[in-house]
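What follows is one structure encoded as structure tokens, with my remarks underneath.
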């Protein structure tokens, strides 16, 4: 029997005084016992600031707590905050395809903006010439459901990225 990994959750827009060192203590003290958070059940992983200046905190919890957190908001500091799954899709820095890494890649240096064989730094493509290699690959394998490819593979609104992240959401922890 294989060990299942614990899901990672993200607390969005956390106050500045909440750090990875004190987050578990704050969550246990300030939230109701129904959430079943105990000492050692919350493992803080990282804290980062977005481009907009908001702080987010990533933590690892067990599957029971995850289910309860998705249905509720948590009290942290003096505010109520939403908690969501922390999902990150792997993308190769050589060929820009999802679910593989640079060291496992057998492809060529493919530009993530225009899909030509050159490095990103060397790309001279205009915005109208951008193409997504992941959506092009999707269209090859799904001839009956074609999706638009007129954007770069770095675009967060990419439908193939959404498909990859949806697969992660459906993992049974």
Projected-area average for the stretch 102-169 over all orientations - Cα convex hull basis, square nanometres:
5.5 nm²
Mean shadow area of the stretch 8-85, taken as a quarter of the surface of its Cα convex hull (nm²)
4.6 nm²
May I ask you to compute the full-extension gain from residue 5 to residue 103, defined as 0.36 nm times their residue separation minus their alpha-carbon distance, rounded to one decimal in nm?
33.0 nm
Hey, with R₀ at 22 Å, roughly what FRET efficiency would residue 93 and residue 162 work out to, going by the Cβ-Cβ distance, to 0.05?
0.60
Among 83, 23, 16, rank each residue by its count of other Cβ atoms within 10 Å, from fewest to most, as a rough exposure measure.
16, 23, 83
Cut-off 10 angstrom, C-alpha nodes, Gaussian network model of the chain. Which of 161, 71, 43 fluctuates the most?
71
If you average the alpha carbon positions of the stretch 25-49 and of the stretch 133-156, how far apart do those two centres end up, in angstrom?
40 Å
What's the exposure ranking of 132, 47, going from fewest to most Cβ atoms within 10 Å?
47, 132
What ranking do 102, 151 get, fewest neighbouring Cβ atoms within 10 angstrom at the top?
102, 151
Residue-averaged 222 nm ellipticity for the chain, from DSSP H runs of 4+ at -39500 (n - 2.57), nearest 500
-6000 deg cm²/dmol
If you work out Rg and Dmax of the Cα atoms in Å from the coordinates, which of (i) 22.4, 88; (ii) 19.8, 57; (iii) 19.5, 62 do you get?
(ii)
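We did not get these values from a lab; they are worked out from the coordinates using the rules stated. Keep in mind that what you see is a predicted model, and the values were worked out from it rather than measured. So basically every Cβ, Gly included, is an ideal-geometry build from the backbone, and we count neighbours across all protein chains shown.
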